[in-house]
1. I need every pair where a residue in region 84-105 that is touching a residue at least 40 places away in the same chain (Cβ under 8 Å) has its Cβ under 7 Å from the Cβ of a residue that is among the polar types (S, T, N, Q) and part of a helix (DSSP H, G or I), sequence separation at least 6 or different chains.
2. Of 176, 149, 115, which residue is closer than 30 Å to residue 224 by Cβ and in contact with a helix residue (DSSP H, G or I) (Cβ under 9 Å, 6 or more places away or on another chain)?
3. Those residues that are over 12 Å from the mean Cα position of the chain (by Cα), in a helix (DSSP H, G or I) and over 19 Å from residue 67 (Cα atoms), I need them from region 135-157; list them, please.
4. Is there any pair with a first residue in region 198-226 that is under 13 Å from residue 123 (Cβ atoms) and open to solvent by 70 Å² or more (accessible area, probe 1.4 Å) and a second that is among the acidic types (Asp, Glu) and not in a loop (DSSP other than H, G, I, E, B) whose Cβ atoms are under 8 Å apart and which are 6 or more apart or on different chains, and what are they?
5. Going through region 113-134 one residue at a time, which ones are open to solvent by less than 30 Å² (accessible area, probe 1.4 Å), out of contact with any Phe, Trp or Tyr (no Cβ under 7 Å at 6 or more places or on another chain) and in a loop (DSSP other than H, G, I, E, B)?
6. If we keep just the residues of region 159-181 that are open to solvent by 40 Å² or more (accessible area, probe 1.4 Å) and more than 17 Å from the chain's Cα centre (by Cα), which is farthest from residue 126 (Cα to Cα)?
7. Is it true that some residue in region 83-93 is over 30 Å from residue 221 (Cα atoms) and assigned to a loop (DSSP other than H, G, I, E, B)?
Amino acid sequence: MLYAVFMSSVLPPFPEPPEPLDAPRLLQLGPAGGETEPCLRADAARNRARLLEAAARLIAEHGVAGVTMEAVAAAAQVGKGTVFRRFGDRTGLLTALLDHSGRRLQADFMSGPPPLGPGAPPLMRLRAFGVAVLYRTAEQLDLQLAAQPEPNRRFSHPAHGALRTHVTMLLRQIVPDGDRELLAQTLLASLDPALIHHLTRQRGMPMERLEAGWLDLVARVTRTQA
């Protein structure tokens, strides 16, 4: 018997997402579970930024495989112990580098110029958001894959929560009668780094096709024209 037979013809109202969506704010990225890095002294903050810049240069020159704690220490001209004390291990370093980039993206869509930032209609902002995430992910694909959280906390990680909250907020304005939280998860699934890796590197799809696909998906989900 078809599943549709058991479905009510009148659906219950969609639940409201738990996030406070009326006051956008820059979400704090970092380890899941509410852990945040303590405030750094000015010199410590400069050293941390210096280490992250060195790691970014190494990735640009040699790829993620070329990033070791020893290599970052040498590039930043500090002792290896300094890198371990700041980031713990290589995974912590890669995660911090990805979080640093994620904060810049958040600042762009929360307070940057339109259409990504405030000041444009929500549909335009949603389109621009996906394109920005798509190209950022493609540019940092190896890093994105290497620093991805474990599957059991992937969707509860603060980085994912920041993106989900923003997309849900935009959808609430575009499709007020839909289950915005689930629609947001559906849209974000199309921007998953592993999927982009598969489509671009294993299937050989050009970025232009992925961008067009995002715009088409947004149009279908929001029942608007691409």
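The values are calculated or read from the model by the stated rules, or taken from the named source; none is laboratory data. The structure displayed is predicted, hence computed values, not measured ones. Neighbour counts run over all protein chains shown; Cβ positions are idealised from the backbone, glycine included. Remember, those area values only see protein heavy atoms, side chains included, never the ligands or the DNA or RNA. Shrake-Rupley method; radii C 1.70, N 1.55, O 1.52, S 1.80 Å.
1. Partner pairs satisfying both residue conditions: 98/144.
2. 115
3. Answer for region 135-157, where residues must be over 12 Å from the mean Cα position of the chain (by Cα), in a helix (DSSP H, G or I) and over 19 Å from residue 67 (Cα atoms): 151, 152, 153.
4. Final answer for the pair search is 226/216.
5. Listed by number, the list holds a single entry, 120.
6. 177
7. yes
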